[in-house]
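Engineer: First the structure, which I've put down as structure tokens, then a few questions once you've had a look.
The values are calculated or read from the model by the stated rules, or taken from the named source; none is laboratory data. This is a predicted model, so every value here is computed, not measured. Methodologically, a virtual Cβ is constructed for each residue, glycine included, from the backbone with ideal geometry; neighbour enumeration extends over all protein chains shown. Note: accessible area is taken over every heavy atom of the protein model, side chains too, but ligands, DNA and RNA are not part of it. Shrake-Rupley method; radii C 1.70, N 1.55, O 1.52, S 1.80 Å.
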Amino acid sequence: MASSSTTTTTDASSCQWDALPAHLQERILSLIPVTELLPVAAASRALRRLLRYPAFHALLSPHRLDAFFLLTPRLAVHPLSRRVLRTPPLAALCPPSYPLVSSASPSRLITCNTLHFLPPIPDGSYLLSVVVKPPPSSSCILVAVTTGAAVRSYTLDTADPSRQWASRGDVPVSISLLGNAAVSGDRRQLFVLGRGPDALLVFDLATGTWKVLPVVMPQGLTTAHLFVYDGKLFVVGGVERLGEVERVVVWRLEDEKEAMVWREVGVMPAEVFDELVAGRHGSFWHFQAADRLGILCLYNAVDGRLVMFDAADGLWTVLPRVSGLDAEESGRWFGHVLEPEVELLLGQRRPVIISTM
């Protein structure tokens, strides 16, 4: 027994953190979400120096749950901790500089103030999407579309020295309105849901052309939101009957031999649905959605209810309720997601917990 105890003690001492080479420490720490590195930085000066080293920052990669789903400029849902956090004041996000469009990963947020630094958007148009180009480029492509049945499109490449909006193709079908735009995994296409009539549209960012995919949209679909995860396209939406949302379903687009079809892959459990609708069965008809890397948050702004869906495991989670928020105001902010950046590790910004489950 004494020999066994001695061996255990020796093995433990031989695996001390300080004995590991610096590059191994960096690799291990880079796997930890940025917000969870904050207490690590407080543990010792040596760790704090390592976390602030630019070479370490280059190793960091986005964590699926570590993001801030904005409710207001200073309030966000944090899926990793299942908490609502008070985020530090950001001058760029203060009203009246409301967010217009955003990309979730990597985070890019286009606000009303941003428009002052861009060429004027073509008349009768609004911003549909911002797409960050694949590495090594860090520039963006902005996509604008017109309103009305005949939809025209324009793009602006922030890397283009001309800084001019380019006229692109028209949507080939008559559409009453466009839903959200989901960016393909290779960042070369936008998937857009057309409503009135329902149609799944694809916009090619390189050629500027649109096409309608030959797929029948789910029956009774309302309040729909497209998102991409692991190379697959999903849509989440309410299923409506007689003007009432009866349930919330997630479908995945499957390209089968005969045709493209939407396959049901998840139904919101009854207890989660009850939380989302706040007991307003028969009068509930609308929720908002935001997504990032397969994490989907649904928000009932009127009643301050939040739920989450993880496309990786198909699980639904009830998130903390929020109160005291103006429904119209928070509705303008929800839908935009920010990633924690190295400023947190540098001690320049730090989120504050205001509520938990």
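Engineer: Taking 0.36 nm per residue of separation and subtracting the Cα-Cα distance, what length does fully extending ARG241 through ARG52 add?
Structural biologist: Here the segment from ARG241 to ARG52 would lengthen by 62.6 nm.
Engineer: Amide H neighbours of GLY266 under 5 Å, counting only residues 5+ apart in sequence or on other chains, H built in-plane at 1.01 Å?
Structural biologist: Amide H neighbours of GLY266, under 5 Å, 5+ apart: VAL250.
Engineer: Sticking with this structure for a sec: Given H placed on each backbone N at 1.01 Å, which residues far from LEU100 in sequence or on other chains put an amide H within less than 5 Å of it?
Structural biologist: Close amide H contacts, sequence-distant or interchain: ILE110, THR111, CYS112.
Engineer: Expressed in nm to one decimal, what extension gain is obtained for the pair VAL267 and ASP160 from 0.36 nm per residue of sequence separation less their Cα-Cα distance?
Structural biologist: 34.1 nm
Engineer: Could you provide, to the nearest whole Å², the per residue accessible area of the chain with probe 1.4 Å?
Structural biologist: Working: 17850 Å² over 357 residues.
Heavy-atom SASA per residue in the chain reads 50 Å².
Engineer: Give me, ordered by chain and number, the residues 5 or more places off LEU344 or on other chains with an amide H under 5 Å from its own placed amide H.
Structural biologist: Excluding prolines and chain starts, which carry no amide H, the hits are ARG349.
Engineer: Based on DSSP H runs of at least 4 residues, each adding -39500 (n - 2.57), what is the mean residue ellipticity at 222 nm of the chain after dividing by all its residues, to the nearest 500 deg cm²/dmol?
Structural biologist: -4000 deg cm²/dmol
Engineer: Let me ask something else about it. In whole Hz, what ³J(HN,Hα) sequence does segment 314-321 give by Karplus (6.51, -1.76, 1.60; θ = phi - 60°), x for Gly and Pro?
Structural biologist: x, 8, 9, 9, 7, 9, x, 6
Engineer: With Rg and the Kirkwood Rh both taken from Cα atoms, where does Rg over Rh land for segment 157-289?
Structural biologist: With Rh from the inverse mean 1/r over Cα pairs, Rg/Rh is 1.03.
Engineer: Next question, about the same structure. Rounded to the nearest 20 debye, what is the charge dipole size of segment 145-226 about its Cα centre when +1 sits on each Lys and Arg Cβ and -1 on each Asp and Glu Cβ?
Structural biologist: 60 debye
Engineer: Another one. Could you please state how large a percent of the accessible area of the chain is carbon and sulfur, counting protein chains only and using a 1.4 Å probe?
Structural biologist: 54 percent
Engineer: Quick check: Cα centre of segment 159-187 to Cα centre of segment 60-75, how many Å?
Structural biologist: Computed from Cα coordinates, the inter-centre distance equals 26 Å.
Engineer: Which residue fluctuates most in the GNM of the chain (Cα springs below 10 Å): HIS286, HIS23, HIS225?
Structural biologist: Residue with maximal mean-square fluctuation among HIS286, HIS23, HIS225: HIS23.
Engineer: Using the Karplus curve 6.51 cos²θ - 1.76 cosθ + 1.60 with θ = phi - 60°, what ³J(HN,Hα) values do you get for each residue of segment 169-176, in whole Hz, with x for Gly and Pro?
Structural biologist: Result, rounded to whole Hz: x, 9, 5, x, 10, 7, 10, 6.
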